[in-house]
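S.K.: Take this structure first; my questions come after.
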Amino acid sequence: MRDLFRRSREAGHPPFWARTWVQVAAAALAVPLLALSFAAGYYYVGFANLLDARLTGARERVLPRVFARPLELRRGQALTERQLIDRLNDLGYAERAPADKPGEFVVGGGSVSIRPRTPELSGRILRVVFQAPPARNAPRRAPRPAEHVQRLEFGRQARERFTLDAPLLTSLISGEREKRRPVALAAIPPHVVQAVLAIEDRRYYAHPGVDPIGIVRALVTNLLGTSANISGASTITQQLVRNVFLPQFAGWTLQSAREQSLKRKLLEQLLALVLNTRASKDEMLEMYLNDMPLGQRGSFAIFGVAEAARLFFAKDVSNVTLAEAATIAGVLQSPSALSPFNNPTRSRERRNVVLQSMADAGFIEQPVADRAAQEPLVVVQRALEAEAPYFVDYVTRTLEQDYPGLTTTTTQAVDVYTTLDLHLQRLAQDAVRAGLTRVDELLLRRRRKSRAEAALIAVDPKSGEILAMVGGRSYNQSQFNRALMARRQPGSAFKPFVYLSAFEEAAEQGNPDVTPATLVDDAPGAWEFNDQVWTPENYENEYDGLITFRRALAHSRNAAAIKVAELTGYDRVAAFWNKLEVGSPTKAYPSIALGVFEASPYDIATAYTIFPGQGFVKPLRHILRIDSGAKNVTKRPRGAGTAVARPDTTYLVTSMMRSVLNEGTAASARGAGFTLDAAGKTGTTNELRDAWFVGFTPELLTVVWVGFDDNQPLGLSGSQAALPIWTQFMTRALAGRGNVPFETPGGISFVDIDPDTGKLALPGCPRVIREAFLAGTEPVQACELHRF
């Protein structure tokens, strides 16, 4: 080459680089190269700034967290070992043997040993010992007891009760229907991380964001079609760019992110290279594991492996098995097509591909992969309901309305502590599910294929705190919260307020003749109102003639209730209900006595707090405290309660409602095993459209509604459809607790009467009951029916 240039010079030719065509060609190449370099530098700087801003936002982003009330364990509590393990998963405790660190537990020998997280208690272990029910073949001399907590041992000391952490329900993103549970990379088990790396980006820690080796390997694999085990050329960094960063950019980049084109791929690769210089590998992997989409449950999109562990397997991510980790990792490729709920066969096949990739990568041994591949794919269909989604929606709506900006503009940690008792919530969901299964069977026998809905709301009557809320059969199918928004006629569930209005009016007027022992004629009648004649009937056309107020309420006699309302004054009954300030105001007409107006289960629960509250109505609460940073920003509640009725008159109605369970329309609850002192009222509306039961003890008040969303007649009474749900929930919710009697206020006296005549009982009376009266209103005449 050197000789060639020398001979060219000797021949008088100009140098090669001085020739015109060479200079023209060089200039032609230099211009686009300079332009390309300038553009690359420009876009690099621009994208770097955008990535830094988004990356800083991702690191600083704070998702408000919603917590249930702390988990309380009690000696004698009706709690199984499996249920406790589920509750510990709710708390994010890891099952590891031995439990050496705070936040760990171990199971064995009929007990669960827990290392609490509380700093002052973290050095000791709480041991929960269970009393299992007797074997099925054991002789049955008494009712078979349920599994329960036999002992609580903390250190060497026995405890009656113990309170653990507040379980995290969910993290909120304002305006989005998303489920996320951000966790630190250190909290994600190694086998979960390895499963993701094995199938998505085996060389993640070796490449600079783009993997040339992976690109070549993918090309060869695609050309030859030799293996399904090797992941594609798109790295974890590129996927993070595509799913997290690109959608946040301007419109054209969002459009490009959706295009399956070379332009989008090149853009991903450029941003991946930039991102790799702006964040560490661990930081990017943590974002990836928390932000990648993993399918849909109901109306919610699932993001991140921690939330997937919850909604796939009802477990904390720290407790997923190898096979479960491989399932989650397998879904990443195509969340819809590989969903374990929608396509279990394909999901299991993909899981096994992930397991083989883990073995090929050296993360696990081949025999371990083979054993895991033989495991069945078991998902928890109702895991979304375990996060109390109807209740969380209610909390979200409250935050948006009452705390605008708190969940969207602040970068401080926002923690919302709610009233929900997660254990009672699970019991409520189980009771609603079982109850609706029975209702479905009853309807099927009647050749009705429609599926009824239900709502349940349980509150602490002393404080008004909502402890459990179920808004429907399945949140996956419908997000309409019937506990809050279904406005239906309460029917006979309103009757206690008719009798309370009567007692209030009598006490105000000094009338001693209106008592629980007063006789009313339960006979058919007709009432005229607004030029219309109304002829209501008793359920199944049963009439008792002259009966006491107590019996009329216990057996829900319509004719008797209307006559009591007529005696009191319809306007006074309506005014009393309106004074409770629940729902919409009602008007004075005869049918008000039968609850012919609209109210939600939430309204009815609020109204019924007047009975255990001895005349005070408690506004319901669902938020205990909101912390933003280290500051309590909770707005003051509406009030501790409003005195609406006298304690003594209210007690009379509570006493009468005890007969509903002991001998009246809800007596089947006693036959089903509910033994605690309680009061309540069935509710059945016109044409059997709605079924209600409202019942309470001094510690727990629960409302159950069952009906159709389209307001078609259910065809079942409150005792048939709603009462079984109430009974199952209350029996399990209060199991292990002692019987708490209703407190008797001052001004109440008790007298033995004959229940047929309402007069003082004589030795010859076949039945005698001890009746409650306001002092000074006791009967003075003896029973004449059984005198001889």
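The values are calculated or read from the model by the stated rules, or taken from the named source; none is laboratory data. Because the structure is a prediction, the values reported are computed rather than measured. Glycine also receives a Cβ, built like all others from the backbone with ideal geometry; neighbour counts cover every protein chain displayed.
S.K.: Examine region 652-660 for a residue that is surrounded by fewer than 24 Cβ atoms within 10 Å (Cβ to Cβ), modelled with pLDDT of 95 or more and basic (Lys, Arg), and state whether such a residue exists.
M.R.: Yes, some residue in region 652-660 is surrounded by fewer than 24 Cβ atoms within 10 Å (Cβ to Cβ), modelled with pLDDT of 95 or more and basic (Lys, Arg).
Matching residues to (1) farther than 24 Å from ILE753 by Cα; (2) at pLDDT 95 or above; (3) in the same structural domain as ILE753 (by TED's automatic domain parsing); (4) not acidic (Asp, Glu):
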| residue | (1), (2), (3), (4) |
| --- | --- |
| GLU540 | yes, no, no, no |
| ALA552 | no, yes, no, yes |
| VAL582 | yes, no, no, yes |
| THR586 | yes, no, no, yes |
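S.K.: State which residue is farthest from the chain's Cα centre (by Cα) when the search covers only region 303-358 and only residues that are under 27 Å from LEU168 (Cβ atoms) and of a type in the set (Asp, Glu).
M.R.: GLU324
S.K.: Of everything in region 746-777, what is surrounded by fewer than 19 Cβ atoms within 10 Å (Cβ to Cβ) and aromatic (Phe, Trp, Tyr)? Give them in sequence order.
M.R.: Listed by number, the list holds a single entry, PHE750.
S.K.: Next up: Tell me which strands (runs of 3 or more DSSP E) are completely within region 438-537 and hold 2 or more residues being under 30 Å from ILE725 (Cα atoms), or say none if there are none.
M.R.: 453-460, 465-470
S.K.: Further question: Does region 417-436 hold any residues that are out of contact with any helix residue (DSSP H, G or I) (no Cβ under 6 Å at 6 or more places or on another chain) and in a loop (DSSP other than H, G, I, E, B), and which are they?
M.R.: THR419, ASP421
S.K.: For LEU734, indicate whether it is at pLDDT below 95, surrounded by 15 or more Cβ atoms within 10 Å (Cβ to Cβ) and touching a Lys or Arg at 6+ places or on another chain (Cβ under 8 Å).
M.R.: Considered against the rule, which asks whether it is at pLDDT below 95, surrounded by 15 or more Cβ atoms within 10 Å (Cβ to Cβ) and touching a Lys or Arg at 6+ places or on another chain (Cβ under 8 Å), LEU734 comes out as no.
S.K.: List the residue pairs whose Cβ atoms are under 6 Å apart, where the first residue sits in region 268-280 and is closer than 17 Å to PRO212 by Cα, the second is surrounded by fewer than 18 Cβ atoms within 10 Å (Cβ to Cβ) and among the hydrophobic types (A, V, I, L, M, F, W, C), and the two are 6 or more positions apart or on different chains.
M.R.: From residues that are closer than 17 Å to PRO212 by Cα, the pairs are VAL274/ALA48.
S.K.: Say whether the condition of being of a type in the set (D, E, K, R), farther than 26 Å from VAL193 by Cβ, in a helix (DSSP H, G or I) and at pLDDT 70 or above is met by at least one residue in region 241-263.
M.R.: Within region 241-263, not a single residue is of a type in the set (D, E, K, R), farther than 26 Å from VAL193 by Cβ, in a helix (DSSP H, G or I) and at pLDDT 70 or above.
S.K.: So is ALA301 outside any loop (DSSP other than H, G, I, E, B), aliphatic (A, V, I, L, M) and surrounded by 24 or more Cβ atoms within 10 Å (Cβ to Cβ) or not?
M.R.: No, not satisfied.
S.K.: Still on this structure, I have one more. Within region 172-179, is even one residue among the hydrophobic types (A, V, I, L, M, F, W, C) and either at pLDDT below 85 or closer than 30 Å to GLU81 by Cα (or both)?
M.R.: Among the residues of region 172-179, at least one is among the hydrophobic types (A, V, I, L, M, F, W, C) and either at pLDDT below 85 or closer than 30 Å to GLU81 by Cα (or both), which makes the answer yes.
S.K.: Name, by its number, the condition in (1) buried (at least 16 other Cβ atoms within 10 Å of the Cβ); (2) under 27 Å from LEU91 (Cβ atoms); (3) in contact (Cβ under 8 Å) with a residue 60 or more places away in the chain; (4) out of contact with any Gly (no Cβ under 9 Å at 6 or more places or on another chain) that does not hold for VAL378.
M.R.: So VAL378 meets the others, but not (1).
S.K.: Something else: So, of the residues in region 190-212 that are hydrophobic (A, V, I, L, M, F, W, C) and under 9 Å from PHE363 (Cβ atoms), which turns out to be surrounded by the most Cβ atoms within 10 Å (Cβ to Cβ)?
M.R.: ALA195
Condition check ((1) touching a Pro at 6+ places or on another chain (Cβ under 9 Å); (2) at pLDDT below 95; (3) in a helix (DSSP H, G or I)) across all residues:
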position	(1), (2), (3)
ASN711	no, yes, no
PRO724	no, no, yes
GLN728	no, no, yes
VAL740	yes, yes, no
PRO755	no, yes, no
GLY764	no, yes, no
ARG767	yes, yes, no
ALA772	yes, no, no
HIS786	yes, yes, no
